[in-house]
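J.: Take this structure, written in structure tokens, and hold onto it; I'll ask about it next.
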Amino acid sequence: MELAKPVYDSKRRILLGVGSKVHLKYLEKLDQIGVKYLFVDDVKSKGISLDEMMDMPTWIDMISIVEQAFEAAAKDEFLPLLEIQKAVKKLIEEVKQRNAIVLIPTTAVDRALIPFAHMVNVTLIALQIGKKLGYTNSQLNDLGIGCLLHDIGKVKTSIREDHPESGFNIIRANREISLMSAHIAYQHHETLDGEGFPRKLAQDQVLELAQICSIANDYDNFISLEGLLPHVALEKIMTLSDKKYGHHIVVAFSKGIISYPPGTNVQLNIGKGIVTRIQSNPHRPVVRLHQLQKEIDLNEQPTILVEVVLNEEEEMSKL
């Protein structure tokens, strides 16, 4: 097997480039620095499209900007607003050119970068939801900045319940950032049922943009930290509809998330195959059958069902 995407260390330097052979000694070293996911090319994965995924170098650039913001906040300096605005503009462009999004798991990078990668992933998902809800560019900008900085309060406190308010205060100290963006950070752990924190807001007290950040935050944690498969994470999100976030937000979320990303090996009711691309329906992909060596679009074949995902064969595999 060869790498299909590069591997980066904590300084955002390339450890292993595209085309590098995946050897056991590399896997052991990567495991030590917290890299748990790899993107690989082999015979089965030839011809697979990853158009729904942001390219790795751009993703790493976004992570770097979030890291800069954390460093500034730690020193009580002004946030790098120009860089943050450019990052959000780029992320909005990335979302607008895709009908749906596939995340790069945060565990695809050195563990030192995971908190910043998480904030980028949350922003991507949130902007996708905002797009599906018909948000204006101004609304997407406020949403993007709030999500990109939603965990910045953690630089000031290690107490989980305190970081939303700390983040709000950090953002509000930068007057060029909208109050809406600051409240996204403040409210992203509030829930409709009033069981969230830090203020136990409920129902209409919880801003819609904060609910969007909340659902994006949960989804990335399910995928990256808990290791849930995308279709399982999506179902878990659905169980929280109207309890944690509004039903209309869950519906918008489901329209922009892919259940079976390209490269996923699946057992269909007619045999085994690998997802090669997403054609029109984010939950009914195109699958190449191994035995027949032909592709079928599940969206056009309603009687063909995915029975199970073959985890041990996933091309984006856990070490």
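The values are calculated or read from the model by the stated rules, or taken from the named source; none is laboratory data. This is a predicted model, so every value here is computed, not measured. Heads up, the Cβs are rebuilt from the backbone with ideal geometry, glycines too, and the neighbour counts pull from every protein chain shown.
J.: From the set of residues in the stretch 140-192 that are of a type in the set (Gly, Ala, Ser) and touching a His at 6+ places or on another chain (Cβ under 6 Å), which is farthest from Asp218 (Cα to Cα)? Outline the logic, then answer.
T.: So the first thing to find is which residues in the stretch 140-192 are of a type in the set (Gly, Ala, Ser), and the list is 144, 146, 153, 158, 166-167, 173, 178, 181-182, 185.
Among the residues that remain, those that are also touching a His at 6+ places or on another chain (Cβ under 6 Å) are: 153, 185.
Working: Gly153: 18, Ala185: 14 Å.
Among residues in the stretch 140-192 that are of a type in the set (Gly, Ala, Ser) and touching a His at 6+ places or on another chain (Cβ under 6 Å), the one farthest from Asp218 (Cα to Cα) is Gly153.
J.: Which members of the stretch 109-164 meet the condition of being closer than 17 Å to Lys96 by Cβ and either in a loop (DSSP other than H, G, I, E, B) or not assigned by TED's automatic domain parsing to the domain that holds Glu94 (or both)?
T.: Leu133, Gly134, Tyr135, Thr136, listed by residue number.
J.: Go through the stretch 165-199 residue by residue and tally those that are free of Cβ contacts under 8 Å to residues at least 60 places away in the same chain, among the aliphatic types (A, V, I, L, M) and not in a loop (DSSP other than H, G, I, E, B).
T.: The qualifying residues number 5.
J.: Does at least one position in the stretch 249-271 carry a residue that is surrounded by fewer than 20 Cβ atoms within 10 Å (Cβ to Cβ), charged (D, E, K, R) and touching a strand residue (DSSP E or B) at 6+ places or on another chain (Cβ under 8 Å)?
T.: No, the stretch 249-271 contains no residue that is surrounded by fewer than 20 Cβ atoms within 10 Å (Cβ to Cβ), charged (D, E, K, R) and touching a strand residue (DSSP E or B) at 6+ places or on another chain (Cβ under 8 Å).
J.: Now for a separate question. Sort out which residues of the stretch 268-283 are part of a strand (DSSP E or B), at pLDDT below 95 and more than 21 Å from the chain's Cα centre (by Cα), and write them in order of number.
T.: In the first step, residues of the stretch 268-283 are kept if they are part of a strand (DSSP E or B); the result is 268, 271-281.
Next, from what is left, pick out any that are at pLDDT below 95: 271-281.
Matches in the stretch 268-283: Gly271, Lys272, Gly273, Ile274.
J.: Which is in the same structural domain as Leu234 (by TED's automatic domain parsing), under 13 Å from the mean Cα position of the chain (by Cα) and buried (at least 18 other Cβ atoms within 10 Å of the Cβ), of Ile92, Ile101, Ile65? Steps first, please.
T.: Details: Ile92 fails: under 13 Å from the mean Cα position of the chain (by Cα); Ile65 fails: under 13 Å from the mean Cα position of the chain (by Cα).
One residue alone meets the criteria, Ile101.
J.: Only residues that are touching a helix residue (DSSP H, G or I) at 6+ places or on another chain (Cβ under 6 Å) and in a helix (DSSP H, G or I): list them for the stretch 251-267, please.
T.: Scanning the stretch 251-267 gives Ala252, Phe253, Lys255.
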